[in-house]
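Asks: Once you've had a glance at the structure underneath, I'll fire off some questions.
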Amino acid sequence: MDQFSKEIRSKIMSRIRSKNTAPEIFIRHILHNMGLRYRLHVKKLPGKPDIFFKKYNAVIFYNGCFWHGHYCKQSHIPKTNKKYWYDKISKNKLRDQENIQKLLDLNFRVLVIWGCTHRGKGKTAINDLAQQVYKWIKSNERYNELPFI
């Protein structure tokens, strides 16, 4: 049983941002200051990547650990309505894998940044994270995830 009424839960869930989160904006700002130019949420690409670097044929997904089912301490199935959440997150993970594979098949380079990279114990400072992203963009590496799994 949920501790909140349906109306309150709906209000809470409606305020969860799916794009343009504070860490995502901050990383974009730093990368822009480093001279990198990009497009946001390109609808024509599989999965609508959060950031697209045309010059480097690279895309970045900024994934929340809960919503995308990361294997970290910050990702867990809620105690209420477990089957619903398990099914939902499983579908999200499958869709993510399919979109990443489609992008790789189209010769895009893909970087996934997990939310736990800059939160909780062992977090990476946002400036260090931006440096890692910059280094990856300048490399020829086809796929990577931060933090490294």
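Asks: Over the alpha-carbon set of the chain, work out the extent along each principal axis and list the three values in angstrom, largest first.
Replies: Each principal axis gives a Cα extent; for the chain these are 49, 32, 27 Å.
Asks: Taking θ = phi - 60°, what integer Hz values does the Karplus form 6.51 cos²θ - 1.76 cosθ + 1.60 yield along the range 47-63, in sequence order, with x for Gly and Pro?
Replies: x, 6, x, 5, 9, 10, 9, 4, 4, 9, 6, 10, 10, 10, 10, 9, 9
Asks: Same structure again: Hey, can you grab everything whose amide H is under 5 Å from the amide H of I113? Only 5+ residues off in sequence or another chain; H modelled, so Pro and N-termini drop out.
Replies: Those qualifying (amide H under 5 Å, at least 5 residues apart or on another chain) are F61, Y62, N63, L146.
Asks: How much length is gained on full extension from K91 to F26, taking 0.36 nm per residue of separation minus their Cα-Cα distance? Each step should come with its number before you reach the end.
Replies: Values: separation 65, 0.36 × 65 = 23.40 nm, distance 2.89 nm.
Extending this stretch completely gives an extra 20.5 nm.
Asks: Select from Y143, S75, T117 the residue farthest towards the positive end of the dipole of the range 20-146; place +1 on Cβ of Lys and Arg, -1 on Cβ of Asp and Glu, and compute about the Cα centre.
Replies: Going by the charge dipole, the pick is S75.
Asks: Still on this model: May I ask for the distance between the Cα centers of the range 89-149 and the range 50-64, given as a whole number of Å?
Replies: Using only Cα atoms, the two centres lie 9 Å from each other.
Asks: Work out the FRET efficiency for R39 and I77 from their Cβ-Cβ distance, taking R0 = 22 Å, and round it to the nearest 0.05. Display every interim value, and only then the final one.
Replies: On the way: r = 34 Å, r/R0 = 1.56.
Efficiency at R0 = 22 Å is approximately 0.05.
Asks: Among the chymotrypsin sites (Phe, Trp or Tyr not before Pro) within the range 35-127, which fall in a DSSP loop and have no more than 11 other Cβ atoms within 10 Å of their own Cβ? Write out the running numbers ahead of the final one.
Replies: Working: sites: Y38, F52, F53, Y56, F61, Y62, F66, W67, Y71, Y84, W85, Y86, F108, W114; in loops: Y38, Y71, F108.
For chymotrypsin sites (Phe, Trp or Tyr not before Pro) across the range 35-127 that sit outside H, G, I, E and B with at most 11 neighbouring Cβ atoms in 10 Å, the list reads Y71.
Asks: Please name which of V133, I8, G47 has its Cα lying farthest along the dipole of the chain towards the positive end, using unit charges on Cβ (Lys, Arg +1; Asp, Glu -1) and the Cα centre as origin.
Replies: With unit charges placed on the Cβ atoms, the residue in question is I8.
Asks: Treating the beta-carbon of each Lys and Arg as +1 and of each Asp and Glu as -1, no other charges, what is the dipole magnitude of the chain about its Cα centre, to the nearest 20 debye? Mind dumping the intermediate values first?
Replies: Numbers: 30 positive and 11 negative charges, 70 e Å.
My answer is approximately 340 debye.
Asks: Now for a separate question. As a test of the formula, what do you get for the chain when each DSSP H run with n ≥ 4 contributes -39,500 (n - 2.57) and the sum is divided by the residue count, at 222 nm and rounded to the nearest 500 deg cm²/dmol?
Replies: -13000 deg cm²/dmol
Asks: When only C-alpha pairs under 8 Å and at least 6 residues apart count, what is the relative contact order of the chain, in percent? Intermediate results must be reported in sequence, preceding the final value.
Replies: On the way: 162 pairs, mean separation 33.7, N = 149.
Here the relative contact order equals 23 percent.
Asks: Which entries in K43/K123; K19/K82; K82/K135; K91/K135; K55/K88; K79/K123 show an alpha-carbon gap greater than 29 Å?
Replies: Too far apart for the 29 Å limit: K43/K123; K82/K135; K91/K135; K55/K88.
Values quoted throughout were computed directly from the atomic coordinates according to the rules given, and no laboratory measurement underlies them. What you see is a predicted model, and the numbers here were worked out from it, not measured in a lab. A quick note on method: Cβ atoms are made from the backbone with ideal geometry, for glycine too, and the neighbour counts reach across all protein chains shown.
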